[in-house]
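A short write-up of the structure that comes next.
Each reported figure results from applying straightforward, stated rules to the coordinates on display, with no laboratory input. Computed from a predicted model, the values in this text were never measured in an experiment. Please note: Cβ atoms are built from the backbone with ideal geometry, for glycine as well, and neighbour counts cover all protein chains shown.
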């Protein structure tokens with residue numbers, strides 16, 4: 001039976017289309033994906049992402065443990081800083097992508113994808129070392145993401161914390177709307193915004209307060225559908241589509257988070273060889289030249305035959321054209337390369353482009 005987030009009744013009352021996602025009943029859309037998408041790009045939207053997983057990592061060897069199981073360099077984190085990273089299997093395949101939060105030298109939080117909570121916790125547990133305690137606190141946290149250029153108009157009146165001073169991939173612990181929470185700035189939309197990790201019993205009050213405060217800013221509830229189109233316009237990876245156990249971070253375009261020069265970590269030797277030999281395929285962004293919508297699993301072609309596969313695709317609400325990402329052979333990965341999609345036997349023309357698809361910056365407030 002599917003789990004419910006604390007805000008299930010609010011979603012139903014708003015007329016949301018609800019589906020089972022990662023074991024939770026989650027809202028796909030309320031008023032429509034395009035409208036919700038534009039609300040985030042132009043104003044402000046609120047996402048219930050309480051289905052995400054949170055693991056607490058504590059103890060004097062917490063940093064050493066995280067250095068071992070993640071590809072990024074945890075030693076570079078300062079207190080109050082977060083880091084995008086990934087865990088890999090020994091063969092270089094991706095267990096999951098995640099965010100690591102550092103509270104202090106012996107206390108960290110791992111935020112993982114909802115569909116991977118059990119798998120990730122088991123994997124991390126298999127590699128636990130002495131001096132580290134690992135706890136799955138996913139059910140003890142609820143999470144709202146407030147995203148869009150007007151996010152400060154909604155949130156700043158509710159807290160004394162100077163939110164504008166929280167840097168990208170940084171966080172603070174404090175009070176907002178009188179409730180104790182973690183306030184972070186990571187985001188999955190390409191717009192400025194904040195994530196509010198809070199106690200589940202505070203969710204209803206927090207949701208209602210945000211919508212009351214955000215009325216003048218045009219605040220809207222946003223579902224998983226628009227979350228997907230927003231992240232795709234930025235070419236942010238989605239586990240299960242763009243990355244999984246069959247892909248490695250180098251070919252997936254995540255070499256920038258894979259710090260091969262740090263100490264030893266799981267899959268370092270394999271990933272070093274992949275980088276030295278150069279990947280046999282590359283994850284690229286493309287936009288349609290012919291009319292059509294790319295979908296996960298469509299074949300990518302050149303004039304002679306197959307060259308790869310689509311991993312994500314949609315009709316871009318911002319651009320009004322089909323956009324997508326996929327793996328192609330290296331000789332087709334350069335921006336400007338023309339490729340084709342096989343759409344039910346029809347060859348539709350597309351062109352590889354440099355991401356992101358839209359001009360947007362989560363670093364800057366209007």
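Is the shape of segment 53-135 best called rounded, prolate or oblate, per the rule: a/c under 1.5 gives rounded, else a/b larger than b/c gives prolate, else oblate, with a ≥ b ≥ c the square roots of the Cα gyration tensor eigenvalues?
rounded
Arrange the following residues from fewest to most other Cβ atoms within 10 Å of their Cβ: 295, 282.
295, 282
So what's the convex hull volume per residue for the Cα atoms of the chain, in Å³? Each step should come with its number before you reach the end.
Numbers: hull volume 50.3 nm³, N = 366.
With only Cα atoms used, the chain gives 138 Å³ per residue.
In nm, to one decimal, how far is the residue 160 label point from the residue 358 one, both placed 7 Å along Cα→Cβ?
Reported label-point gap for residue 160 and residue 358 is 3.7 nm.
Could you give the distance between the Cα centres of segment 95-156 and segment 159-237, to the whole Å?
If we compute the Cα centre of each part, the gap is 15 Å.
When the Kirkwood radius is taken over all Cα pairs of segment 116-207, what Stokes-Einstein diffusion coefficient follows at 37 °C and 0.692 mPa s, in µm²/s?
On the way: Rh = 14.8 Å.
Estimated diffusion coefficient is 222 µm²/s.
Bin by bin, in steps of 10 Å, what percent of the Cα pairs in segment 206-283 do you find, going until the bin that has the longest distance?
For segment 206-283, the binned pair fractions read 14, 33, 22, 16, 13, 2 percent.
In nanometres, what is the gap between the two model label sites at residue 245 and residue 309, each 7 Å from Cα along Cα-to-Cβ?
In this crude label model, residue 245 to residue 309 measures out at 1.5 nm.
Could you tell me the ratio Rg/Rh of segment 188-241? Both radii from Cα atoms, Rh via Kirkwood.
In segment 188-241, Rg relative to Rh is 1.03.
Could you calculate the FRET efficiency of residue 139 with residue 261 from 1/(1 + (r/R0)^6), where r is the beta carbon distance between them and R0 is 41 Å, rounded to 0.05?
The formula returns an efficiency of 0.65 here.
Can you give the extra length, in nm with one decimal, that the chain gains between residue 346 and residue 201 once fully stretched, where that is 0.36 nm per residue apart less the Cα-Cα distance?
Working it through step by step, the gained length comes to 47.0 nm.
Please give the contour-minus-distance gain from residue 295 to residue 168: 0.36 nm per residue of separation, less the Cα-Cα distance, rounded to one decimal in nm. All intermediate terms of the calculation are to be shown ahead of the outcome.
Working: separation 127, 0.36 × 127 = 45.72 nm, distance 3.15 nm.
This chain segment gains 42.6 nm when fully extended.
What whole-number distance in Å separates the alpha-carbon centres of segment 260-332 and segment 1-70?
26
May I ask for the equivalent-ellipsoid semi-axes of segment 249-304, computed as the square root of five times each C-alpha gyration tensor eigenvalue and listed largest first in whole Å?
Numbers: eigenvalues 200, 31, 16 Å².
Working through the eigenvalues yields semi-axes of 32, 12, 9 Å.
Please compute the Cα-Cα pair-distance distribution of segment 237-366 with 10 Å bins starting at 0, giving whole percents from short to long.
Per 10 Å bin, starting at 0, the Cα pair percentages come out as 12, 40, 31, 14, 3.
Round to the nearest 0.05 the FRET efficiency obtained for residue 2 and residue 35 when R0 = 22 Å and r is the Cβ-Cβ distance.
0.25
Checking a compactness column here: for segment 1-102, what do you get for Rg(Cα) / (2.2 N^0.38 Å), N being the number of residues? Kindly include the intermediate steps, with their values, before the conclusion.
Details: Rg = 18.0 Å, N = 102, 2.2 N^0.38 = 12.8 Å.
Relative to the rule-of-thumb radius for its length, segment 1-102 sits at 1.41.
Given labels modelled 7 Å from the Cα in the Cβ direction, how far is it in nm from residue 20 to residue 76?
My value for the distance between the label points is 4.1 nm.
What number, in percent, do you get for the relative contact order of the chain if the mean sequence gap of Cα pairs under 8 Å and at least 6 apart is divided by its residue count?
The normalised contact order for the chain reaches 18 percent.
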